[in-house]
Structure formats: structure tokens, C-alpha cells
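The values are calculated or read from the model by the stated rules, or taken from the named source; none is laboratory data. On a predicted model such as this, the values are computed, not experimentally measured, just so you know. Positions of Cβ are generated from backbone atoms using ideal geometry, with glycine treated the same way; all protein chains shown enter the neighbour counts. Calculation scope for accessible area: heavy atoms of the full protein, side chains included, ligands and nucleic acids excluded. Shrake-Rupley method; radii C 1.70, N 1.55, O 1.52, S 1.80 Å.
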Amino acid sequence: MATRAQDAANRAGVISRRLSGWRETIDRGFVAAWNDLAGHVSEPNIFGESWFLRPALEQFDISGQVKIFTLWDGDQLCGLMPLSTHQRYGRWPLPHLQNWLHHNAFLGTPLVRAGYADDFWRELFATLDNTPGQSLFLHMNGITSGGEIANALENLCAKQRRNFGLVHQTERALLENGVTPQVYYEQAVRPKKRKELRRQKNRLAEEGVLTFARDASDAGLAEWIDEFLNLENRGWKGRNGSALASFESTRALFTEVVTGAATLGKLERLDLRLEGKPMAMLVNFISAPGCFSFKTAFDEDYARFSPGVLLQIENLALLDNPDILWCDSCAAQGHPMIDSIWSGRRSIGRFSIAIGGLGRRSVFGAFLKAELARHASRTATAEQEHFAGEEV
């Protein structure tokens, strides 16, 4: 990735912006500029890269309603974010704009070339102020709190006296480089738990030959994808209809993004096998200096051996990769498995921001004030219940 100084030196000084439907935006030349942007962003987000976002749009926005906002410096693409219009905000009938996400996209931070965060938000706000349509405000979902992009957003809103608020925040497991895998494991997992996991691994090995594999190539990839989909579908996700194989659209998305990542050298697949049969499988997507642990599956018939946890212990070898500084678990807050192994946390927030003229901003300001008050009240109640529980 280029340094901030190098990116600043490459500025042409002719900033422009575009907002158009994704079908009219994406062509071969645009994808080349898109891929170049992904290699020079201030904050990696694989869910916004061409090999992931394009097939997601093709599967989940068949009617082509999603638009793409792009920032350009001359002919160099410097920012990209998909946008969609929503008629409701929670239980309220409030039309608003939102960065477009789907159920298999776990981060909404826009792709912004290093050094262009201020330009990105300024030009986006100028576009939406001029053409807000019926939308009352802009809602940014799944943004990394405290990162360069979020900080630039907050700073510009303050400078422009534009109402905005962090209306929701969660924390999820994050693996951060700094120590060896063994040291990390010993620091993160208590001795009693490590002893139990050693016992489970030994017992599983008594069932037959236990093997672990980590592969970044595309060798046998189609068969591996089918194995993953079948393994996940045999578990609880298949039973409740939320497995990737439950719908043709999600099956197709998984197949295409895994294949696309492999082609670009961004895939790392791991599996733990017993006599060749998959016990646990894991998909990592690499976007240096970051990594995203996208999907995992395990054989529930062998749950007593904790194969998914055993595979995640092997996954700690990411810490030996000097090009990877962190890995986002993409897991829900408080996930019982990954939270017990990865000690770092990543804050993910949702921001609501004023757009349009003074009248629209005034209405939004009143709504935002009420929402923040409700959020503060819920937080205070949760804290009281937490402390009360500690005292019992």
C-alpha cells in the first residue's frame, strides 16, 4: 500500500464526484480503477472491493436501484460507496439514504484512497445536499469507529455545523499482530481451557488421522467450496434456513467471491479433517494490512471435540504474517467462541447525518435529539442491570 506522502504527491488537484446507478457505472475500465483504489485505501474493506461488491449487487439488487457515489482526482478513483434509499428507519416511516449493505456484508466503511477522507465526505455531502430527494438524512451503517474515515466524518460535520450522531455501537473480536501465535494463545486463553482443548484434540485424533491445511491457491477450489457449503448446510444454519446453500443467490455469491478472491491472491482457506472428512472449515479474505474472517463451518456431529475452536487455534498463525496487522472476526458482539480466543475488539458504529436544506436539517435535528436520548436511556438501564447483577 502507498504511504500517505506518496498519495499526497499523486494528487492532480482536479476533484470531481459522480452519483449514478451501478449498472451504468461498472465497466471493465471502471473495475481497473476500482482495483487500484482498493490497493491504496486508508482503511481496507473487502466488502466494498470489486470482486465482492459487484457479485453482491448482481445477486441482491436485480432491479438496479442501488447507486454508486465515486470521488475522482483527475482520472484516478479516490473513493467509492454504494447508496440505497429506504422508506423506513426502524419502526418509523422516515425516508433516508444509507450505505448499501446486505446480510453477508459485515462492514460498511467506504473505500477511500489514503489522504482523501476529507474530500470524500465533503463531496458526498455536497451531492446529497443538492439532491436529497425525499430522504430526511443519511444513515451510515457498519462504520469502523475511531478510524480515519469515521474521524474525518465527525470532524467535517463539526466544521460544517452539520447535525450528526453515533446512534449505535457494538464491539466484535479482533486479532491484532504484536506477539507470536503461541504467546498470544497463552495470554488469551486461561490454562484450564487450554488443557481441555488439548484433551479434545487428542481424543479427536484417536478417531483417525487428523490433518490441518492452509491454502491460498485455487487448486481444487470448486470441490472445496462444495464441501464448505454442504458442511454448513448440515448444521443449525441449514435447519433454520440461514445457510449459504439455503438460497441460490447466497450460494452463487459465496462461490463467486471465494473464486474471485483466489484469482487476486486474497483468499486463505483453512480446514481440519479427520480421515479426509472435513471437521471444520474457514474462509479468510486478505486485504493487507488487514484480513477478514468471513465464514466458518464445523461438523456438529463432532461438536464434543470443539473442531471449530481447534481450527481457530491454527488460524492464529496469521500473527506470523508480517503483512497482516489485524484480522476482523466479522462475528457478532459477544460471540461465545471467537471472543474466548481473540482478545482484541473492534468498535463498529452507525451514524446518522443531516443532509439537504435548513428546513430538512431542522426536522432531522429534532429526530436525532430524541433518538440519542432514547439510546442514552437504554445504555444507562443496561449498565444499571449489569452492575446490579455483579452485586448479587
**Study point:** Flag for Glu227 being at pLDDT 95 or above, open to solvent by less than 90 Å² (accessible area, probe 1.4 Å) and touching a Pro at 6+ places or on another chain (Cβ under 7 Å)
**Key:** yes
Review point. Would you pick out the residues in segment 135-147 that are at pLDDT 95 or above, outside any strand (DSSP E or B) and open to solvent by 20 Å² or more (accessible area, probe 1.4 Å)?
Key: Leu136
Exercise for review: With the condition kept exactly as written, say whether any residue in segment 118-129 is in contact with a Lys or Arg (Cβ under 8 Å, 6 or more places away or on another chain), surrounded by fewer than 18 Cβ atoms within 10 Å (Cβ to Cβ) and at pLDDT 95 or above.
Suggested key: yes
Exercise for review: Residue by residue through segment 343-358, note down the ones that are closer than 16 Å to Thr170 by Cα and part of a loop (DSSP other than H, G, I, E, B).
Suggested key: Ser343
Practice item. Determine whether Arg273 is under 15 Å from Trp224 (Cα atoms) and open to solvent by 30 Å² or more (accessible area, probe 1.4 Å). Key: yes
Check your understanding: What do you reckon, is Arg199 open to solvent by 40 Å² or more (accessible area, probe 1.4 Å), assigned to a helix (DSSP H, G or I) and either on the phi > 0 side of the Ramachandran plot or free of Cβ contacts under 8 Å to residues at least 12 places away in the same chain (or both)?
Key -> yes
Review point. Out of (1) among the small types (Gly, Ala, Ser); (2) at pLDDT below 95; (3) over 20 Å from Ile348 (Cα atoms), the odd one out for Ala56 is which?
Key: (2)
Practice item. Just name the residue that is farthest from Trp121 (Cα to Cα) out of those in segment 148-186 that are in contact with a strand residue (DSSP E or B) (Cβ under 7 Å, 6 or more places away or on another chain) and of a type in the set (S, T, N, Q). Key: Asn177
Study note, to complete from the structure: In segment 320-342, anything of a type in the set (D, E, K, R) and either touching an Asp or Glu at 6+ places or on another chain (Cβ under 9 Å) or not in a loop (DSSP other than H, G, I, E, B) (or both) is listed as Asp320, Asp328, Asp339
